[in-house]
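Student: One structure coming up, written as structure tokens, with questions to follow.
The values are calculated or read from the model by the stated rules, or taken from the named source; none is laboratory data. All of these numbers come straight from a predicted model, not from anything done at the bench. Cβ placement follows ideal geometry from the backbone for every residue including glycine, while neighbour counts extend to all protein chains displayed. Just the protein is used for accessible areas: all its heavy atoms, side chains included, with ligands, DNA and RNA removed. Shrake-Rupley method; radii C 1.70, N 1.55, O 1.52, S 1.80 Å.
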Amino acid sequence: QVQLVESGGGLVQAGGSLRLSCAASGRTFNNYAMGWFRQAPGKEREFVAAISWSGGSTYYADSVKGRFTISRDNAKNTVYLQMNSLEPEDTAVYYCATAIGGWAVRRRNEYIDWGQGTQVTVSS
């Protein structure tokens, strides 16, 4: 099992930026793809972005493509989500997760370890 701790959330105005971090400990981090999901109040948790074990492949939800960038540093056991041009619709709790395998995937049931989340609030 992997322990995941997210950080970097906060309150930002529309058009601003935030960088989320997710520190992992436990099993070998660089064997597995990582993903970011988010959940707004009253809505289901949705996929945001994923990155393969090596960082060579990334995958984004259409709603964030061109604004968000996922990256990882396997030496630091950390995955990042750089969020630019934030919109009020991006307001949610953001979760990082460890995939079952090494390839970037978007389905929730292909992720097995989850962090506790970090709140992102974008004001208009």
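Student: Which FRET efficiency, nearest 0.05, do GLN82 and GLN13 yield, Cβ-Cβ r, R0 22 Å?
Tutor: 0.85
Student: Ok, one more. At 1.4 Å probe size, with the rest of the protein present, what percent of the exposed accessible area of the chain is carbon and sulfur atoms?
Tutor: On the way: 2860 of 6260 Å².
Reported share for carbon and sulfur atoms: 46 percent.
Student: For GLU44, GLU6, write out the residues from largest to smallest accessible area, computed with a 1.4 angstrom probe and no ligands counted.
Tutor: Most to least solvent-accessible, the answer reads GLU44, GLU6.
Student: Given a 10 angstrom Cα cut-off, can you work out which residue in VAL48, VAL64, VAL79 is the most mobile in a GNM of the chain?
Tutor: Sorting by GNM fluctuation, first place goes to VAL64.
Student: Among THR121, CYS96, ASN84, pick out the residue whose Cα is farthest towards the positive end of the charge dipole of the chain, where Lys and Arg carry +1 and Asp and Glu carry -1 on C-beta, about the Cα centre.
Tutor: CYS96
Student: Another question about this same structure. Quick one: what Rg and Dmax do you get for the range 54-124 from the alpha carbons, in Å?
Tutor: Spelled out, the Cα radius of gyration and Dmax of the range 54-124 are 12.9, 38 Å.
Student: Determine the per residue accessible area of the range 47-120 with all protein chains present and a 1.4 angstrom probe, expressed in square angstrom.
Tutor: Values: 3550 Å² over 74 residues.
Accessible area per residue: 48 Å².
Student: Using a Gaussian network model on the chain with a 10 Å cutoff between Cα atoms, which of ALA99, ALA75, ALA24 fluctuates the most?
Tutor: ALA75
Student: Please give the per residue volume of the convex hull enclosing the alpha carbon atoms of the range 1-63, rounded to a whole number of Å³. Please report the intermediate quantities before stating the final value.
Tutor: Details: hull volume 7.7 nm³, N = 63.
Looking at the range 1-63, the number lands at 122 Å³ per residue.
Student: Extent of the range 11-112 along each principal axis, from alpha carbon coordinates, in Å, largest to smallest?
Tutor: 37, 26, 22 Å, listed from the longest principal axis down.
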